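Below is one structure, written out as structure tokens; the observations come after it.
The values are calculated or read from the model by the stated rules, or taken from the named source; none is laboratory data. Since the model is a prediction, treat every value here as computed from it, not as a measurement. Note: ideal-geometry Cβ built from the backbone for every residue, glycine included; neighbour counts use all protein chains shown.
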């Protein structure tokens with residue numbers, strides 16, 4: 001997509017501004033390496049949706065099957081804002097109420113590390129690789145919204161991911177953004193999910209894992225738009 005087209009989409013409110021800016025900058029800075037041809041039929045389901053699971057291109061299965069994940073380097077930048085305000089939609093990069101009050105960056109980093117490792121557990125090749133992950137946004141539902149009967153809410157999860165050779169740090173797949181949004185439930189639905197063991201933490205962890213698995217070409221392509229009221 002041309003830059004002017006991206007700006008038009010931004011102005012129309014169809015894309016996450018932070019996510020698109022990262023996509024443009026990464027695309028300008030690095031060439032695509034070891035990437036699969038985009039599945040246009042699947043990707044088209046996400047393009048134009050504000051809330052979505054999306055990445056521009058995944059990894060060829062023939063490439064990723066040669067890898068074995070050595071380590072996930074997780075970066076939750078101090079520059080990301082955190083909110084504990086009890087509002088329906090607090091304005092911040094990190095909003096997390098799924099664990100007791102504490103270091104939210106540390107909690108988010110632990111959740112994402114577990115999810116990425118889980119998504120890559122099918123990699124059993126001989127080439128050891130590290131994943132460098134940098135969080136862009138982790139905005140789950142606030143308690144005020146979850147306890148309400150408002151049929152709305154999205155867990156907004158966005159991050160950059162890079163694949164490097166564990167031995168020498170050489171970049172194998174340059175940084176690219178992944179958006180892994182997920183419907184967040186409220187009221188009775190939220191209570192029923194928690195009772196069934198499907199807490200926000202469990203659902204987000206599992207969702208990100210499946211998205212990573214698809215991005216690696218090791219599972220189904222999860223790219224799609226989400227029709228639900230969000231922020």
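Consider residue 81 carefully, then state whether it is in contact with a strand residue (DSSP E or B) (Cβ under 8 Å, 6 or more places away or on another chain), on the phi < 0 side of the Ramachandran plot, buried (at least 18 other Cβ atoms within 10 Å of the Cβ) and modelled with pLDDT of 95 or more.
Numbers: in contact with a strand residue (DSSP E or B) (Cβ under 8 Å, 6 or more places away or on another chain): yes; on the phi < 0 side of the Ramachandran plot: yes; buried (at least 18 other Cβ atoms within 10 Å of the Cβ): no; modelled with pLDDT of 95 or more: yes.
No: the conditions fail for residue 81.
Being surrounded by fewer than 22 Cβ atoms within 10 Å (Cβ to Cβ), farther than 18 Å from residue 56 by Cα and free of Cβ contacts under 8 Å to residues at least 24 places away in the same chain narrows it down to one of 170, 188, so name that one. Outline the logic, then answer.
On the way: 188 fails: free of Cβ contacts under 8 Å to residues at least 24 places away in the same chain.
Going through 170, 188 in turn, the sole match is 170.
Would you confirm whether or not segment 35-50 contains a residue that is at pLDDT below 50, in contact with a strand residue (DSSP E or B) (Cβ under 7 Å, 6 or more places away or on another chain), exposed (fewer than 15 other Cβ atoms within 10 Å of the Cβ) and within 24 Å of residue 171 (Cα to Cα)?
Checked segment 35-50: no residue is at pLDDT below 50, in contact with a strand residue (DSSP E or B) (Cβ under 7 Å, 6 or more places away or on another chain), exposed (fewer than 15 other Cβ atoms within 10 Å of the Cβ) and within 24 Å of residue 171 (Cα to Cα).
If I filter segment 196-206 down to residues being buried (at least 18 other Cβ atoms within 10 Å of the Cβ) and in contact (Cβ under 8 Å) with a residue 60 or more places away in the chain, which single residue comes out as nearest to residue 150 (Cα to Cα)?
As a first pass, look at segment 196-206 and keep what is buried (at least 18 other Cβ atoms within 10 Å of the Cβ): 200, 203-205.
Filter once more, so that each one left must be in contact (Cβ under 8 Å) with a residue 60 or more places away in the chain: 200, 204-205.
On the way: 200: 17, 204: 20, 205: 24 Å.
Within segment 196-206, the match that is nearest to residue 150 (Cα to Cα) is 200.
What's the number of the only condition in (1) surrounded by fewer than 17 Cβ atoms within 10 Å (Cβ to Cβ); (2) in contact with a helix residue (DSSP H, G or I) (Cβ under 7 Å, 6 or more places away or on another chain); (3) at pLDDT 95 or above that residue 59 fails to meet?
Just one mismatch for residue 59, condition (1).
Looking at the structure I just gave you, is residue 97 closer than 16 Å to residue 180 by Cα, at pLDDT 55 or above and surrounded by 18 or more Cβ atoms within 10 Å (Cβ to Cβ)?
On the way: closer than 16 Å to residue 180 by Cα: no; at pLDDT 55 or above: yes; surrounded by 18 or more Cβ atoms within 10 Å (Cβ to Cβ): yes.
In short, no.
Does residue 72 meet the test of being touching a strand residue (DSSP E or B) at 6+ places or on another chain (Cβ under 7 Å), within 15 Å of residue 136 (Cα to Cα) and crowded, with 17+ Cβ neighbours inside 10 Å? Walk me through it before giving the result.
Details: touching a strand residue (DSSP E or B) at 6+ places or on another chain (Cβ under 7 Å): yes; within 15 Å of residue 136 (Cα to Cα): no; crowded, with 17+ Cβ neighbours inside 10 Å: yes.
No; evaluated as a whole, the condition is false for this residue.
With the condition being at pLDDT 95 or above and farther than 26 Å from residue 79 by Cα, I'd like the helices (runs of 4 or more DSSP H) fully within segment 116-231 carrying at least 2 qualifying residues.
Numbers: elements: 143-146, 187-195, 200-215.
Ranges flagged: 187-195, 200-215.
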